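Participant: Let me give you the structure first, and then I'll get to my questions.
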Amino acid sequence: MGGVHNDRIMRRRRPKGDGSIHQRPDGKWVGRLYYEDPITGLAKRAQVTSTLKKEVSAQLRDMMKRVEGGAPARDDSGLFGVFAARWLESSLPASDRKETTKVLYAGLARNHVIGSDLGKLPMKNLRPTSVERFVTQLRAKGLSDSTVRQVYTVARAIGDDAVRDGRMARNPFATVRRPRVMSREARFLEPHQVNLLLEAARGSRYEPLFHFLVHTGLRRGEALALTWDDVDLEERLVRVRGTLARVNGDLRLLEPKSAKSRRTIPLSGPAADVLIAVRERTEAERNRAAQLWVQSGHVFVTDIGEPCEPRNALRALSAACRRAGLDGVGLHTLRHSAASVMLSERVPLNVVSQILGHSGISITADVYGHIAPDVSRNALDVLGAALTAFPVTSPLQSPPHT
């Protein structure tokens with residue numbers, strides 16, 4: 001009894017990374033590694049077997065190297081999809097991502113990761129080639145470039161947390177290049193098309209919103225999040241401080257898309273007139289609604305004062321587009337239309353970027369690059385006109401002989 005007890009004590013007290021090899025009666029070689037789990041700190045044992053001693057020795061050395069590097073001796077045999085499902089219930093909600101991002105990531109994980117061929121693989125079998133096959137399958141499903149990239153981003157985040165939790169030594173996604181997104185020109189309406197659309201929306205509750213979006217370049221959620229405290233009609237300014245969106249069935253005021261999305265922009269005369277008309281209509285509706293009125297303080301509200309539903313605004317725009325004979329137009333198209341007019345009228349790119357609340361001027365250039373050639377041509381025409389105002393000898397002309 002004492003010998004067996006002492007043997008158990010010795011096994012529990014084996015130093016970190018202590019390995020041994022022995023041959024079983026059936027001729028197979030067995031390698032055992034006793035180590036301290038880098039995550040839990042508990043004593044653990046890993047075992048490998050083979051008919052070749054040198055193979056066992058090599059695997060044992062590999063496990064010892066992993067342990068010394070603070071990684072698990074062997075990757076987890078659990079399925080990646082199972083870990084992803086747990087990630088949805090724990091790591092994702094606990095992260096500091098925005099609520100809209102959490103909802104997006106959860107949907108992408110459920111629809112494209114958990115039940116995929118990648119999700120059915122044990123984590124110990126995940127390789128960079130597994131990731132590449134996964135990306136290829138996503139594209140074969142007909143997903144857009146941006147969606148494929150988003151799914152990759154979600155799966156990689158899951159892999160990062162698997163490494164953090166000691167389920168894998170390395171994240172195979174980290175060695176695979178992030179899928180590229182081919183840049184697409186933003187759809188915008190010409191000024192006469194904007195007028196057609198606004199005329200078709202006449203009488204709609206959301207007509208003022210459409211006017212306001214095309215005169216300011218605000219995002220739909222930014223405009224719907226505005227309260228009268230954000231508006232200074234005397235100075236003709238509006239402060240963009242958040243965005244209104246539906247999250248898990250609830251209409252919520254969220255943080256702006258980026259730090260530069262939190263901004264103050266001036267109002268043009270037509271934009272200010274829109275807000276003045278909205279304020280007058282709201283006051284009349286508040287008097288009619290009496291005790292039914294909800295004092296939300298928002299600029300764009302329902303006939304009883306509640307914040308407008310973003311999806312209803314889209315439905316109203318779609319109806320107006322059908323009447324105007326315009327296809328492929330969304331609320332964001334009004335924002336693009338505002339940007340295209342500003343750029344076409346030679347407003348500097350950095351100013352347009354600030355008004356739109358882009359996180360960087362490079363985003364503005366990428367989205368509206370199709371307008372840039374006309375702007376660039378005008379800039380060089382100005383340069384040429386300025387320089388030719390001075391009588392200089394052309395380098396292609398020979399100086400006159402004396």
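Participant: I want to check the label-to-label distance for Arg281 and Asp145. Put each point 7 Å from Cα in the C-beta direction and report it in nm to one decimal.
Facilitator: 3.9
Participant: OK, next. Sorted by average packing, counted as other Cβ atoms within 10 angstrom per residue and highest first, what order do 190-196, 87-93, 154-160, 28-34 take?
Facilitator: Averaged packing, sorted descending, gives the order 154-160, 28-34, 87-93, 190-196.
Participant: Same structure, new question: Roughly how many nanometres apart are two label points built 7 Å out from the Cα toward the Cβ at Val30 and Ser90?
Facilitator: 3.1
Participant: Still on this structure, I have one more. With a Förster radius of 25 Å, plug the Cβ-Cβ distance of Arg288 and Leu253 into 1/(1 + (r/R0)^6) and report the FRET value to the nearest 0.05.
Facilitator: The computed FRET efficiency comes out at 0.40.
Participant: Please tell me which of these pairs span more than 23 angstrom C-alpha to C-alpha: Lys44/Lys120; Lys65/Lys124; Lys102/Lys124?
Facilitator: Lys44/Lys120; Lys102/Lys124
Participant: Based on the mean of other beta carbon atoms within 10 Å per residue, what is the order of 115-122, 220-227, most packed first?
Facilitator: 220-227, 115-122
Participant: Specify which residue in the list Ser353, Thr302, Ala313 is farthest towards the positive end of the charge dipole of the range 230-361, using unit charges on the beta carbon of Lys, Arg (+1) and Asp, Glu (-1), about the Cα centre.
Facilitator: After comparing all options, I get Ser353.
Participant: Report the rotationally averaged projected area of the range 191-379 based on its alpha-carbon convex hull, in square nanometres.
Facilitator: 11.5
Participant: Assuming 0.36 nm per residue, please report the length gained on full extension of the stretch Lys98 to Lys44 beyond their Cα-Cα distance.
Facilitator: 15.6 nm
Participant: For Arg180, Arg66, Arg110, what's the fewest-to-most ordering of other Cβ within 10 Å of each Cβ?
Facilitator: Ranked by crowding around the Cβ, least crowded first: Arg180, Arg110, Arg66.
Participant: Straight-line reach only, C-alpha to C-alpha below 21 angstrom: list the lysines that Lys98 could link to, leaving out same-chain residues fewer than 8 apart.
Facilitator: Within the straight-line limit of under 21 Å, Lys98 reaches these lysines: Lys257, Lys260.
Coordinate-derived values only; no laboratory data. All values derive from a computational prediction rather than experimental measurement. Don't worry about glycine lacking a Cβ; one is built from the backbone with ideal geometry, like all the others, and counts go over all protein chains shown.
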